[in-house]
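The values are calculated or read from the model by the stated rules, or taken from the named source; none is laboratory data. Not measured: the values here are computed from a predicted model. Using ideal geometry, Cβ is built from the backbone for each residue, glycine included, and neighbour counts are taken over all protein chains shown. Areas reflect the complete protein model, heavy atoms only, side chains present, ligands, DNA and RNA absent. Shrake-Rupley method; radii C 1.70, N 1.55, O 1.52, S 1.80 Å.
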Amino acid sequence: MERAEAYGFWGTMSGTFLLSCLLFAAVSRRQRGPYMDEVFHVPQAQAYCHGRFLQWDPMITTLPGLYLLSVGAVKPAAWLLGWTGNVVCSVGMLRFINLLFSAGNFYLLYLLLFRIHQKNKAVSGFQRILSALTLAVFPTLYFFTFLYYTDPGSVFFTLFSYLMCLYGNYKTSALLGFCGFMFRQTNIVWTVFCAGNVIAEKLNEAWKTQLQKKKDEKISSRKGSFSDLIRILQFLVEYLLSPKNLVTLTALTWPYIILVSLFFVFVFINGGIVVGDRSSHEACLHFPQLFYFLSFTGFFSFPHLLTPTKIRKFILSLRKHPVQYSLITVISLFLIWKFTYVHKYLLADNRHYTFYVWRKVFQRHELVKYLLVPFYIFAGWSFADTLKSKSIFWILMYFVCLLAVTVPQKLLEFRYFILPFLVYRLNIPFLSLYRQLLELGFYILVNGVTLYLFLNRTFQWENSDEVQRFMW
């Protein structure tokens with residue numbers, strides 16, 4: 001990092017943290033007590049604060065990583081500063097943990113952008129700082145900076161694990177992956193993703209060697225053709241069936257293998273991936289979740305995905321491959337028909353964006369969910385097109401992890417899309433400065449509207465005296 005870029009980064013990060021502190025103060029003044037899921041998280045952390053580590057709220061579905069870390073941070077700080085009484089592990093103090101995680105996420109996002117795009121000399125330091133700032137204030141994540149939720153910490157440890165993986169420190173990466181798993185069990189998928197990064201790199205090296213031996217450069221340039229896919233799959237099977245290659249990959253990824261093995265032991269002992277209340281978190285094959293994620297990504301990455309050039313390329317692709325797109329359309333319609341699930345929370349809780357998206361769009365008519373298929377296909381094509389700079393093995397590995405983390409979820413919840421979105425966004429090429437500024441301005445606008453609604457547009461339910469607030 002050059003000196004000017006370093007000054008720019010630390011200045012931007014400090015300014016963002018200061019602004020976040022001001023917003024944090026505003027949220028804490030308006031909502032002093034626990035809100036939404038905080039009514040479970042805060043008392044549990046406070047029980048740990050008082051040494052009651054055997055106490056557990058059965059309504060909590062995640063492991064106690066957030067509470068353990070909170071106690072480990074707040075207790076020493078309280079001792080050093082002489083704090084006593086209710087201020088220790090108060091709602092505000094616990095929420096402040098996520099403010100620190102938010103600053104850490106900013107730093108990790110910058111380091112990841114620097115590492116992933118280090119070979120692109122055309123990217124300026126200003127663009128890296130701007131992209132890190134944009135992702136740090138990504139609306140669905142940034143909102144939970146001000147509440148005591150698991151999301152900022154879950155993202156922090158997962159991004160940190162990914163960064164260590166990219167630097168080849170696989171043991172540290174797996175340890176950080178374990179911390180991420182302790183915040184949210186589904187983060188085990190991103191441990192697999194890190195191992196997949198290592199495997200994809202080795203596969204890509206072997207594939208390039210094979211191409212050079214055959215002196216057939218055309219194979220690598222025609223990524224999208226069906227014949228290429230068959231050849232790649234054949235190569236993949238042959239490579240993975242070789243004992244020598246398996247030994248090499250195992251020697252590289254053994255820390256991740258141990259962690260994934262521990263995960264399966266946990267699932268066997270626990271009787272499932274969810275701890276606590278399982279009635280509202282049943283796993284199912286909810287394939288339309290992939291379509292919702294693509295729509296979500298299209299909305300928040302429209303400067304990348306929705307451009308005149310991409311629309312023209314998509315139309316040309318439609319004309320060139322009508323049979324393939326017809327088949328994709330039929331499969332999409334079938335998946336929507338047979339595998340659409342509507343969670344009871346989605347229909348009952350009017351405090352979230354998803355409630356209004358479902359009511360205003362999908363419940364307008366039974367056919368709406370089918371009429372959206374052309375948009376899903378364009379979003380999917382554009383999504384894949386932005387990843388074409390990555391190796392085919394990386395793309396296959398990412399899509400497997402994307403399916404694993406989205407499809408089993410019955411509830412449509414935008415928070416579940418945060419990590420797959422960030423991993424995607426970190427790995428696509430940089431935009432022009434104008435489009436980067438457009439993306440940042442859009443995120444600031446969405447954050448502003450959401451925080452304004454949360455703070456100022458309160459309402460009450462007929463059967464409750466509690467003040468309700470709108471949120472993600």
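Just a few scattered comments:
- Surface share of carbon and sulfur [accessible, 1.4 angstrom probe, percent] for the chain: 66 percent
- Within the stretch 117-153, backbone nitrogen closer than 12 Å to the virtual label 7 Å beyond the Cα of Leu438 toward Cβ: none
- For His352, residues with placed amide H under 5 Å, excluding near neighbours: Met471
- Anchor Lys338: aspartates and glutamates whose Cα lies under 15 Å away (excluding residues fewer than 8 positions away in-chain): Glu366
- Residues of the chain: accessible area per residue with a 1.4 Å probe, Å²: 49 Å²
- Between Asp385 and Lys208, the simple label model (points 7 Å from Cα in the Cβ direction) yields a spacing of 2.7 nm.
- At q = 0.11, 0.13 Å⁻¹, base-10 log of I(q)/I(0) for the chain (Debye sum, equal scatterers on each alpha carbon): -1.02, -1.46
- Those residues of the stretch 375-391 whose amide nitrogen sits under 18 Å from the label point placed on Phe302, 7 Å along Cα→Cβ: 375-383
- Inter-label distance for Lys360 and Gln55, nm, one decimal - labels placed 7 Å from Cα along Cα-to-Cβ: 4.2 nm
- Taking 27 Å as the limit for the C-alpha separation, the pairs Lys344/Lys369; Lys388/Lys410; Lys202/Lys320; Lys171/Lys244; Lys121/Lys310; Lys360/Lys410 exceed it in the case of Lys388/Lys410; Lys202/Lys320.
- At a Cβ-Cβ separation cutoff of 4.7 angstrom, cysteine residues of the chain with no neighbouring cysteine are Cys21, Cys179, Cys284, Cys401.
- Subtracting the Cα-Cα distance of Phe334 and Trp461 from 0.36 nm times their residue separation leaves 41.9 nm of extension gain.
- Modelled FRET efficiency - R0 22 Å, Leu229 with Lys313, Cβ distances, 0.05 increments: 0.65
- In terms of the mean number of neighbouring beta-carbon atoms within 10 Å, the peptides 295-302, 134-141, 240-247, 328-335 order highest first as 134-141, 295-302, 328-335, 240-247.
- Scattering curve values for the stretch 366-472, log₁₀ I(q)/I(0), Debye with Cα scatterers, q = 0.12, 0.14, 0.15, 0.21 Å⁻¹: -0.67, -0.87, -0.96, -1.28
- Highest mean packing comes first when the peptides 18-28, 78-88 are listed by Cβ atoms within 10 Å, giving 18-28, 78-88.
- Potential lengthening between Tyr7 and Tyr353 on full extension [0.36 nm per residue; Cα-Cα distance subtracted]: 120.8 nm
- Against the empirical 2.2 N^0.38 Å (N residues), the stretch 282-425 has a Cα radius of gyration ratio of 1.06.
- Per-residue ellipticity at 222 nm, computed for the chain from helices alone with -39500 (n - 2.57) per DSSP H run of at least four residues, works out to -22500 deg cm²/dmol.
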